[in-house]
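Q: Quick one: structure below, then a few questions.
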Amino acid sequence: MPIETNHSARTWTLSGGSTSYVLHQDEQDRLLHLYWGPRLGGNDLTYDPSDYISFASFDLPVSVLPSELPVCGTGWFGTPAVGIRDAGGNEVADLRVVSAEIHPGKPVLPGLPAVYTEKDEEADSLSVHLEDVVSGLQITALFTVFSGSGAVTRSLTLKNAGREPLTVTSLLSASVPMWRSDLDLLHLNGAWARERRMIRTPVNKGEFRIASARGASGHEENPFLALCERNTDEFSGQVWGVSLVYSGRFLASCRTDIFGHARLSIGMNPDVFSWRLEPGESLTSPEAVMVFSEAGFNGMSQTYHRLYRERLARGVWRDRPRPVLLNSWESAYFDFDEKRLLSIAEKAAEIGAELFVLDDGWFGKRNSDNCSLGDWTANTEKLPGGLAGLSGKIHELGLQFGLWFEPEMVSPDSSLYRSHPDWCLHVASRPRTEARQQLILDLSRPEVQEYIISAISAVLASSGIDYVKWDMNRNMTEAFSDVLPPERKKETQHRYMLGLYRILETITSAFPEILFESCSGGGGRFDPGMLYYMPQTWTSDDTDAVERLKIQYGTSILYPSSAMGAHVSAVPNHQTGRTVSLKMRGNVALGGNFGFELDPGKLPQEELEEAKAIVCRVKQLRNLTREGTFWRLLSPFDGPVTAWAFVSEDLRTVLLCAYSVLSVPNSAPVRVRLRGILPDVGYRTEDGLRFSGAALLYQGITLPLRGDFDSFVCLLKAD
Ligand code: DGJ
């Protein structure tokens with residue numbers, strides 16, 4: 001049984017894969033957290049409150065108890081998982097368990113993205129019902145454990161069952177006490193064009209916080225935090241990861257208590273957040289996905305990869321090979337007309353691309369980034385036959401046709417803004433802060449949601465669109481909806497996200513055959529929330545192959561390669577000015593959803609032939625790179641050589657990819673050991689070299705890398 005109830009010990013043990021997560025209802029009916037780690041037998045755990053309380057002379061029991069749901073005002077002094085303010089302005093809660101039930105499968109979270117089951121056997125769920133008798137606040141804490149992987153999800157639904165309004169001031173999706181502090185933290189830090197760098201730092205006294213206050217999950221931090229043992233590496237050691245299925249402002253923290261015990265939390269950012277619950281109203285938190293691994297970071301990542309690839313991403317494209325695309329952005333920017341696009345597309349078809357994507361600049365009077373967002377009708381000066389005309393011609397070339405939108409935005413210089421100047425996020429008495437000459441539509445407003453749904457749907461229905469790139473290019477300012485009353489102003493950003501999710505659900509369900517890719521200045525909203533609606537994300541605006549090693553390696557900590565857009569662009573690279581070979585650029589990009597971001601007509605003939613060969617190779621390998629188990633082998637953060645590999649489900653096919661950056665004189669050749677393959681069989685390269693699985697696993701393979709920016713991609717098959 002994945003969830004066992006022990007009535008005498010008053011515990012629930014959630015077990016799956018090699019993990020258990022144990023909850024306890026204490027004698028006072030508080031919900032405590034006893035354990036999260038390697039799988040336990042049935043009733044292995046005991047709980048003695050004096051383990052905690054007798055040590056605490058000055059502190060209240062609640063300050064030190066391992067609460068699963070710490071609340072405000074009754075002795076918990078950290079950020080509460082649930083904070084409420086009553087009608088009198090008091091911020092006090094005292095939650096006690098009322099009942100609990102276990103059910104097969106996993107319920108849907110209404111209006112929110114979440115991981116899901118296809119069959120009830122895949123997971124079991126536990127709903128624990130709690131109540132604060134004085135205020136009438138009722139909470140259902142929903143836990144689900146996936147039987148195969150042991151991943152545990154948690155979300156909270158709050159209901160005001162009292163007679164007075166309540167205001168939610170804090171709502172964390174997970175808050176897990178760890179009983180120890182001899183641990184390190186791992187997070188993914190970055191900036192535009194430098195996304196998701198792995199940062200590892202020791203747990204210290206006090207509180208460590210990463211957050212987004214930008215209105216989107218952001219480039220700066222990803223909604224993810226992991227704790228690991230000090231000796232954990234990619235292959236061994238314990239890791240506890242928490243990831244938030246949400247695309248807005250978030251907070252993840254690790255706080256140590258008076259005993260030095262760490263608590264790992266993640267949820268919506270409580271700064272500038274509150275939510276008023278009238279009697280009878282409810283609010284559900286986003287979902288946290290918690291993954292434990294004893295097999296190091298690779299072990300944790302592989303669990304997230306499978307779950308997010310197979311049970312977060314949805315729709316027909318979830319399991320389909322993704323088309324090789326050519327995107328017009330870096331090939332033409334705003335400087336195009338139909339003739340130029342068709343000449344790029346013709347060459348794209350010649351090198352084997354399957355999808356031509358028209359990026360920014362096709363609508364309104366947009367010839368630079370200073371106008372027309374919101375006016376989603378084709379610029380007929382550039383495209384005389386409109387989008388349908390262009391799409392028809394692209395299809396005649398044997399290519400699918402994709403289109404860029406930035407639906408959440410409005411340019412002050414646009415017909416939409418002139419008709420509805422009040423539709424953007426703004427504060428009436430203040431100037432409206434522009435970024436990239438644009439403002440953000442107030443997606444918390446139903447009429448704005450309706451406008452976006454109808455404007456985008458009209459284009460999709462009439463123009464033969466096979467793919468959409470959904471972009472979002474600025475952070476939020478003045479993020480207080482004009483139409484909300486003062487006591488609800490701090491709901492704006494969460495209402496925005498709920499509005500966005502409603503729009504995405506409506507449009508993606510109405511156009512199930514269209515492949516959607518999300519984007520936010522590259523990877524500024526690369527999060528599990530967006531992956532629920534769109535199975536792939538543009539990883540970064542930095543297309544430099546060397547920079548991409550770090551970006552793709554860091555992104556792979558949490559996200560599968562099926563989620564990552566990876567394109568070959570022109571040299572010198574537009575972001576770094578660096579020139580590396582087409583071979584290196586191709587070999588880096590084939591680790592994700594492969595595409596081009598250049599004008600193939602500008603390639604010399606021999607590179608055009610090389611590009612064709614790269615595309616053939618991508619088509620041969622793309623099922624393996626999309627579905628195979630991804631192993632990080634050598635880190636770009638640790639040295640000049642990076643290596644990773646994709647291993648097929650049956651372990652008989654391996655794609656080893658290795659890259660050098662700057663060569664080091666007088667250094668030994670680098671050898672890399674493969675992982676996760678069969679020791680007892682022989683593997684043969686395409687050149688006929690044969691290695692035993694054991695030799696590849698234990699001795700390793702010497703990488704034939706020479707000079708700067710070299711790469712080596714090798715397909716091995718069991719014979
Ligand atoms: C930002 C995206 O990341 C780019 O790929 C491109 O689509 C531009 N926006 C267009 O404005």
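The values are calculated or read from the model by the stated rules, or taken from the named source; none is laboratory data. Predicted, not measured: the structure shown is a model, and the values here were computed from it. In this analysis, Cβ positions are derived from the backbone assuming ideal geometry, glycine residues included, and neighbour counts consider all displayed protein chains. Accessible surface is based on the protein model in full, side chains and every heavy atom, while ligands, DNA and RNA are left aside. Shrake-Rupley method; radii C 1.70, N 1.55, O 1.52, S 1.80 Å.
Q: When the Kirkwood hydrodynamic radius is evaluated over all pairs of different C-alpha atoms of the range 147-223, what value in angstrom, to one decimal, is obtained?
A: After inverting the pairwise mean of 1/r, the radius is 16.2 Å.
Q: In terms of the Cα gyration tensor, with a ≥ b ≥ c the square roots of its eigenvalues, is the chain rounded because a/c is under 1.5, prolate because a/b exceeds b/c, or oblate?
A: Taking the square roots of the gyration eigenvalues as a ≥ b ≥ c, the chain is oblate.
Q: While we're on this one: Taking θ = phi - 60°, what integer Hz values does the Karplus form 6.51 cos²θ - 1.76 cosθ + 1.60 yield along the range 698-705, in sequence order, with x for Gly and Pro?
A: Residue by residue, the range 698-705 yields 9, 9, x, 10, 7, 8, x, 9 Hz.
Q: Along the charge dipole of the chain, pointing to its positive end and built from +1/-1 on Cβ of Lys, Arg, Asp and Glu, which listed residue (Gly352, Ala100, Val410) has its Cα farthest out?
A: Gly352
Q: Going down the list Lys347/Lys602; Lys550/Lys619; Lys347/Lys619, which pairs span over 20 Å between their C-alpha atoms?
A: The pairs that break the limit, which is 20 Å between Cα atoms, are Lys550/Lys619.
Q: Stretched out fully, how many nm does the piece from Val272 to Phe58 gain, at 0.36 nm a residue minus the Cα gap?
A: Taking 0.36 nm per residue and subtracting the Cα distance, the gain is 73.8 nm.
Q: Would you pull out the residues with amide H under 5 Å of Asp482's amide H, same chain only if 5 or more places away, H placed 1.01 Å from N?
A: His426
Q: Positive end of the charge dipole of the chain (Lys, Arg +1 and Asp, Glu -1 on Cβ, about the Cα centre): tell me which of His7, Tyr21, Tyr659 has its Cα farthest that way.
A: Tyr659
Q: So how far apart, in nm, are the two label points at His395 and Asn204 if each is 7 Å from Cα heading toward Cβ?
A: 6.0
Q: Right, next: Calculate the spin-label point distance for Arg430 paired with Asp719, positioning each point 7 Å from the Cα along the beta-carbon direction, and give it in nanometres.
A: 7.0
Q: A follow-up question, please. Determine the relative contact order of the range 566-685: mean sequence separation of Cα pairs under 8 Å and six or more apart, normalised by residue count, in whole percent.
A: 17
Q: For Arg30, enumerate residues with amide H under 5 Å from its amide H, sequence gap 5+ or separate chain, H modeled in the peptide plane.
A: Residues meeting the amide H criterion: Val97.
Q: Follow-up question, since we're still on this one. For the chain, which whole-number percentage of the solvent-accessible area (1.4 Å probe, protein heavy atoms only) is attributable to carbon and sulfur atoms?
A: In the chain, the share of accessible area belonging to carbon and sulfur is 51 percent.
Q: At 1.4 Å probe size, with no ligands or nucleic acids counted, give the accessible surface of Glu91 in Å², nearest ten.
A: That residue has around 80 Å² of solvent-accessible surface.
Q: Right, something else. Taking every pair of Cα atoms in the range 471-615, average 1/r, invert it to obtain the Kirkwood radius, and report Rg/Rh to two decimals.
A: Answer for the range 471-615: 1.08.
Q: Assuming R0 = 45 Å, can you tell me the calculated FRET efficiency for the pair Asp335 and Arg671, based on Cβ-Cβ distance, to the nearest 0.05?
A: So the FRET efficiency works out to roughly 0.40.
Q: Calculate for the chain the 222 nm mean residue ellipticity that helices alone would give, adding -39,500 (n - 2.57) per DSSP H run of length 4 or more and normalising by residue count, nearest 500 deg cm²/dmol.
A: -6000 deg cm²/dmol
Q: Same structure, new question: Would you list Arg418, Arg318, Arg10 from the most to the least accessible area, probe 1.4 Å?
A: Arg418, Arg10, Arg318
Q: Convert 25 °C to kelvin, take the viscosity as 0.890 mPa s, use the Kirkwood radius over C-alpha pairs of the range 587-698 as Rh, and evaluate the Stokes-Einstein diffusion coefficient in µm²/s, rounded to a whole number.
A: The calculation lands on 154 µm²/s.
Q: If contacts are Cα pairs under 8 angstrom and at least 6 residues apart, what is the relative contact order of the chain in percent?
A: Averaging sequence separation for qualifying contacts and normalising by length gives 10 percent for the chain.
Q: Less than 19 Å from a label point 7 Å out along the Cα-to-Cβ axis of Ser18: which backbone N atoms in the range 663-694 qualify, by residue?
A: Only 674-680 pass the distance filter.
Q: Using modelled amide H (1.01 Å from N, peptide plane; none on Pro or chain starts), what sits under 5 Å from the amide H of Val176, excluding residues fewer than 5 places away?
A: Leu264, Ser265
Q: Okay, moving on. Using a 1.4 angstrom probe, figure out how much accessible area the chain has per residue, in square angstrom, rounded to the nearest whole.
A: Accessible area per residue: 36 Å².
Q: Could you name the aspartates and glutamates whose alpha carbon sits less than 17 Å from that of Lys106, not counting residues in the same chain fewer than 8 places away?
A: Straight-distance partners of Lys106: Glu4, Glu118, Asp120, Glu121, Glu122, Asp124, Glu287, Glu310.
Q: Let me ask something else about it. When Lys and Arg each count +1 and Asp and Glu each count -1, what net charge do the other residues less than 13 Å away from His129, Cβ to Cβ, add up to?
A: -2
Q: Right, next: Can you check how the C-alpha radius of gyration of the range 246-387 compares to 2.2 N^0.38 Å, as a plain ratio?
A: 1.64
Q: Sorting Glu122, Glu27, Glu346 by accessible area (1.4 Å probe), largest first, what list results?
A: Glu27, Glu346, Glu122
Q: Would the range 31-134 count as rounded, prolate or oblate if I go by the C-alpha gyration tensor, calling it rounded below 1.5 in a/c and otherwise prolate when a/b exceeds b/c, oblate otherwise?
A: Oblate is the answer for the range 31-134, as a/c is 1.5 or above yet b/c matches or exceeds a/b.
Q: Where the only charges are on Cβ atoms (+1 Lys, Arg; -1 Asp, Glu), what is the dipole of the chain about its Cα centre, to the nearest 20 debye?
A: Value, rounded to 20: 980 debye.
Q: Which stretch or stretches of the range 338-366 have amide N atoms under 14 Å from the point lying 7 Å from Arg418's Cα along the Cα→Cβ direction?
A: Once the point is set 7 Å along Cα→Cβ of Arg418, 364-366 turn out to lie under 14 Å by backbone N, inside the range 338-366.
Q: Turning to a different aspect of this structure: Quote the FRET efficiency, to the nearest 0.05, computed for Gln28 versus Glu118 with a Förster distance R0 of 45 Å and r equal to the Cβ-Cβ distance.
A: Efficiency computed from Cβ-Cβ geometry: 0.70.
Q: Is there a quick way to get the dipole size of the range 199-323? I mean about its Cα centre, with the Cβ of Lys and Arg at +1 and of Asp and Glu at -1; what is the value in debye to the nearest 20?
A: Dipole about the Cα centre, nearest 20: 340 debye.
Q: OK, next. Could you check the spin-label model distance between Gln620 and Glu281? Points 7 Å from the Cα along Cα→Cβ, value in nm.
A: 6.0
Q: While we're here: In the full protein assembly as shown, how much of Tyr659 is accessible to a 1.4 Å probe, in Å² to the nearest 10?
A: 0
Q: If you don't mind, another one. What net charge is computed for the residues neighbouring Thr144, neighbours being all others with C-beta under 14 Å from the C-beta of Thr144, Lys and Arg scored +1, Asp and Glu -1?
A: -3
Q: Also, quick follow-up: Any idea what the relative contact order of the range 297-398 is, in percent, if you count C-alpha pairs under 8 Å spaced at least 6 apart?
A: Contact order relative to length: 25 percent.
Q: Here's something else I'd like to know. When a/c is below 1.5 the answer is rounded, else prolate if a/b is larger than b/c, else oblate, so apply that to the range 527-593 with a ≥ b ≥ c taken from the square roots of the Cα gyration tensor eigenvalues.
A: Cα axes put the range 527-593 in the prolate bin.
Q: Could you sort the peptides 296-307, 110-121 by per-residue average Cβ neighbour count (10 Å cutoff), highest mean leading?
A: 296-307, 110-121
Q: What does the accessible area of Trp36 come to, in Å² to the nearest 10, when a probe of 1.4 Å is used?
A: For Trp36, solvent-accessible area is about 20 Å².
Q: Compute the signed sum of charges (Lys and Arg +1, Asp and Glu -1) over the other residues within less than 12 Å, Cβ to Cβ, of Asp375.
A: Every neighbour counted, the sum reads +1.
Q: Take the Cα of Gln437, step 7 Å along the line toward its Cβ, and report every residue of the range 330-346 whose backbone nitrogen sits under 17 Å from that point.
A: 333-336
Q: If the reach is capped at under 16 angstrom between alpha carbons, list the lysines near Lys365, excluding any in the same chain fewer than eight residues apart.
A: Within the straight-line limit of under 16 Å, Lys365 reaches these lysines: Lys382.
Q: Considering only protein heavy atoms, with the full assembly of protein chains and a 1.4 angstrom probe, order Lys602, Lys106, Lys717 by accessible area, largest first.
A: From most accessible down to least: Lys602, Lys717, Lys106.
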